[in-house]
1. Can you tell me which residues in segment 298-325 are surrounded by fewer than 19 Cβ atoms within 10 Å (Cβ to Cβ) and over 25 Å from the mean Cα position of the chain (by Cα)?
2. Output the residue which, of all residues in segment 141-156 that are part of a strand (DSSP E or B) and in contact (Cβ under 8 Å) with a residue 24 or more places away in the chain, is surrounded by the most Cβ atoms within 10 Å (Cβ to Cβ).
3. Look through segment 348-388, keep the residues that are touching a helix residue (DSSP H, G or I) at 6+ places or on another chain (Cβ under 7 Å) and in a loop (DSSP other than H, G, I, E, B), and return whichever of them is nearest to V99 (Cα to Cα).
4. Can you say whether K95 is surrounded by fewer than 22 Cβ atoms within 10 Å (Cβ to Cβ), touching a residue at least 60 places away in the same chain (Cβ under 8 Å), out of contact with any Cys (no Cβ under 7 Å at 6 or more places or on another chain) and farther than 24 Å from I325 by Cα, as far as the supplied structure shows?
5. When the residues of segment 202-239 are filtered to those that are part of a strand (DSSP E or B) and among the aromatic types (F, W, Y), which remaining residue is surrounded by the fewest Cβ atoms within 10 Å (Cβ to Cβ)?
6. Are any of the residues in segment 277-298 closer than 18 Å to R341 by Cα, assigned to a strand (DSSP E or B) and not basic (K, R)?
7. Answer with yes or no whether R64 is basic (K, R), touching an Asp or Glu at 6+ places or on another chain (Cβ under 8 Å) and surrounded by fewer than 16 Cβ atoms within 10 Å (Cβ to Cβ).
8. Take the conditions part of a loop (DSSP other than H, G, I, E, B), surrounded by fewer than 21 Cβ atoms within 10 Å (Cβ to Cβ), out of contact with any Ser or Thr (no Cβ under 7 Å at 6 or more places or on another chain) and at pLDDT 95 or above and apply them to E176. Does it pass?
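The values are calculated or read from the model by the stated rules, or taken from the named source; none is laboratory data. Only a predicted model underlies this, so the values are computations on that prediction, with no experimental measurement involved. Neighbour counts are summed over all protein chains in view; Cβ atoms, including those assigned to glycine, are modelled from backbone coordinates with ideal geometry.
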Amino acid sequence: MRTQVAIIGAGPSGLLLGQLLHRAGIDAVVIERQTPDYVLGRIRAGVLEQVAVDLLDEAGVGDRMHREGLVHEGFEMLVQGRRHRIDMHLLTGGKSVLVYGQTELTRDLMDARSALGLATVYEASDVTIGGFDGAKPFVTWKQGGREQRLDCDFIAGCDGFHGVCRASVPKSAIREYEKVYPFGWLGLLSETPPVNEELIYANSERGFALCSMRSMTRSRYYLQVPLTDKVESWSDEAFWQELRLRLDAEAREKLVTGPSIEKSIAPLRSFVAEPLRFGRLFLAGDAGHIVPPTGAKGLNLAATDVKYLATAFIEYFTERSEAGIDHYSARCLRRIWRAERFSWWFTNLMHQFPDEGPIAARFQQAELDYLLNSEAARRTIAENYVGLPLTFGE
């Protein structure tokens, strides 16, 4: 088989790239090692910046998102038992975010690809890539006990943090930056109405908590927990009790509890690989970077990677210009590091770091005091939360 672009990974990044390329008349095959049900079973973020919303519209898959997504013009920060609203709409000149679960977004992209009859390979085992340092890249995999091969012009590595694409790059050609945080997020998804119309970020002496949602009938809650905790040790009752202890009286009164649909512990890390291009191989999304979920940047960064990459491929195939692919890594990394900085800062602002001693706690208190009492500081957090424009600083 042969195609113009081989896309490794059928998560949101890979599917979105495939959709954008199809609309530009560029042939692509998506290769995924898991089943469609497994991909849809991943519980991930659900806060979309305007840049991501616009890109999904450009890809022609935004109708259900606009019907069912929840527009949020602000969020609340709970500090020392008091709530403070960050009015993003006011502070950013009318910008907002859209709450729409990644699972639903992925389903929309899957359905669109299936309806168009575009080539997608699921349950591909032993995926390998090669030739990307020359003019003839290729992908091989096994399916039904038979080895398959796909020749292509470019490979897009959209296969996540543990995927084969970044792992196939020679160690000498890549530099990795990483910070692992000393805690994780215990997340619980439930068929219950959210405790508040907007997200609540809680800085509590017992640890961070986040009250989020996927819809007006489905809630997502998180608790900061030690990395040594096991999800099996947390019953639903224990989770709800601990969440109550980290909220204010109003939220405790309004909290509706119920059985968990899904419960898991996710470690927090900051990670960036440089560069993101290796000959004819390009990394996008989690394959090239990870951000702590505090700032809701992971999915949005992946979407902007895809925007830059799709534009670069379209320029190459329609205009025979290599400018986009030559500048892909640098353009992405500038935006990535800005989002990494914000996510690192917001994580440090809202979580407890008991090992860093009492002075760190006092620094955090002073930072929060400044943030919540300075319009300029609130504008900074609002501007970063809604997402910086693609052309910011260019």
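1. Within segment 298-325, E315, F317, T318, E319, R320, S321, E322, A323 qualify.
2. A156
3. G387
4. Answer is yes for this residue.
5. It comes out as Y222.
6. Among the residues of segment 277-298, at least one is closer than 18 Å to R341 by Cα, assigned to a strand (DSSP E or B) and not basic (K, R), which makes the answer yes.
7. yes
8. Here the answer is no, as E176 does not meet what is asked.
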